[in-house]
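A.B. asks: Supplied in structure tokens, the structure appears directly below.
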Amino acid sequence: MNSYIKASNAPMKNIGLIKLYNNDDFSQMKKAGKLVAECLNYIEPFIIDGVTTQYLDKLIYDFALSKNSIPATLNYRGYPASSCISLNNVICHGIPSNKKLKNGDILNIDITLILNGWHGDTSRMFKVGKISRKAEILIDTTYQCLMEAIHLLKPGIHTGDIGALIQEIAESNRFSVVEDLCGHGIGQIFHDHPNILHFGKKGQGYELKEGMIFTIEPMINAGTKDIRLLSDGWTIVTKDKELSAQFEHTVGITNDGYEIFTQSKNELNFPRDCMFTCLVHK
């Protein structure tokens with residue numbers, strides 16, 4: 001059975017087939033990706049001790065509207081905010097609140113903006129003041145997981161190759177990969193086929209083909225991979241209450257490699273002053 005379809009021939013919904021996009025589609029994704037990266041750059045100076053995550057979310061909402069875009073998460077399946085802001089042991093889908101940031105916190109801000117019908121989806125780790133060495137290493141390793149997986153991308157490899165590499169990096173640093181959540185296809189649909197697992201075996205899964213667009217967004221825990229869903233129905237935390245970190249980019253597969261749509265032009269993809277030392281450029 002053919003698992004792929006030209007995006008131009010596909011309905012605007014998840015039909016269980018992998019959409020292959022053309023150059024014009026890639027141009028639209030570049031615009032959406034650039035905008036959401038700019039939003040994270042804009043928000044960084046406001047991430048300080050004493051600020052509430054609700055205030056940060058309001059800034060994100062205002063930024064989106066000022067750029068004629070729409071926060072994709074707002075009212076998505078009942079989600080109440082323009083972003084997901086996940087502190088410390090929150091893995092993902094943290095709902096912004098009146099909780100104040102404090103020195104030593106680490107947080108992930110995950111934003112998806114819709115621009116002219118196209119979704120730009122990215123997330124980044126931030127830190128408040130001086131953080132622990134353990135947190136520094138966790139953030140460093142998580143970013144390494146994302147970037148080295150991206151540098152692997154080209155037509156002919158398999159989605160299992162992505163997951164296997166992420167799992168190898170995380171576990172070699174004595175961290176664990178969250179297996180219950182994954183990356184996903186994206187474009188004119190927020191969550192599309194295929195799922196991109198952050199663990200797996202080389203050579204397994206779907207073969208990458210030119211024109212695919214998807215997110216890679218590894219969630220790496222300092223403790224075990226086990227998760228717990230809170231009573232709000234959205235917030236997912238580490239079961240053992242250990243720290244968690246995540247980075248995300250939206251990428252497209254080209255004829256000889258990849259393109260990162262959500263790359264920051266200001267080199268702000270990684271928290272300043274962290275210890276990241278792995279090779280992040282070809």
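The values are calculated or read from the model by the stated rules, or taken from the named source; none is laboratory data. Here the structure is a predicted model, which is why all the values come from computation and not from measurement. All Cβ positions, even for glycine, are placed from backbone atoms using ideal geometry, and neighbour counts span all protein chains on display.
A.B. asks: Got a sec? Which strands (runs of 3 or more DSSP E) wholly within segment 1-102 have at least 2 residues that are touching a Gly at 6+ places or on another chain (Cβ under 6 Å) and modelled with pLDDT of 95 or more?
C.D. replies: 84-87
A.B. asks: I need the full set of residues from segment 221-246 which are within 16 Å of residue 106 (Cα to Cα) and not in a loop (DSSP other than H, G, I, E, B), in order please.
C.D. replies: Once the filter is applied, which keeps residues that are within 16 Å of residue 106 (Cα to Cα) and not in a loop (DSSP other than H, G, I, E, B), segment 221-246 yields 221, 236, 237, 238, 244, 245, 246.
A.B. asks: Give 157, 106 a once-over and let me know the one that is touching a Lys or Arg at 6+ places or on another chain (Cβ under 6 Å) and either among the hydrophobic types (A, V, I, L, M, F, W, C) or buried (at least 21 other Cβ atoms within 10 Å of the Cβ) (or both).
C.D. replies: 106
A.B. asks: Still on this structure: Which condition breaks for residue 205 when tested against (1) at positive phi; (2) surrounded by fewer than 15 Cβ atoms within 10 Å (Cβ to Cβ)?
C.D. replies: Failing condition for residue 205: (2).
A.B. asks: Scan segment 15-34 and report the pairs whose first residue is within 12 Å of residue 5 (Cα to Cα) and whose second residue is assigned to a loop (DSSP other than H, G, I, E, B) and of a type in the set (Phe, Trp, Tyr), with Cβ atoms within less than 9 Å and a gap of 6+ or a chain change.
C.D. replies: Listed pairs, sorted by first residue: 18/206.
A.B. asks: Residues of segment 145-179 being within 27 Å of residue 228 (Cα to Cα), aliphatic (A, V, I, L, M) and outside any helix (DSSP H, G or I), which ones?
C.D. replies: Residues satisfying the conditions are 177, 178.
A.B. asks: Under 7 Å by Cβ, and 6 or more places apart or on different chains, what pairs join a residue from segment 148-162 that is among the aliphatic types (A, V, I, L, M) with one that is in a loop (DSSP other than H, G, I, E, B) and surrounded by fewer than 18 Cβ atoms within 10 Å (Cβ to Cβ)?
C.D. replies: The qualifying pairs are 153/257; 162/152.
A.B. asks: Hey, could you check segment 254-269 for residues that are surrounded by fewer than 22 Cβ atoms within 10 Å (Cβ to Cβ) and of a type in the set (A, V, I, L, M, F, W, C) and say which is modelled with the highest pLDDT?
C.D. replies: Selected residue: 260.
A.B. asks: Please work out which one of (1) over 15 Å from the mean Cα position of the chain (by Cα); (2) more than 23 Å from residue 147 (Cβ to Cβ); (3) of a type outside the set (Val, Ile, Thr) is the condition residue 190 fails and give its number.
C.D. replies: (1)
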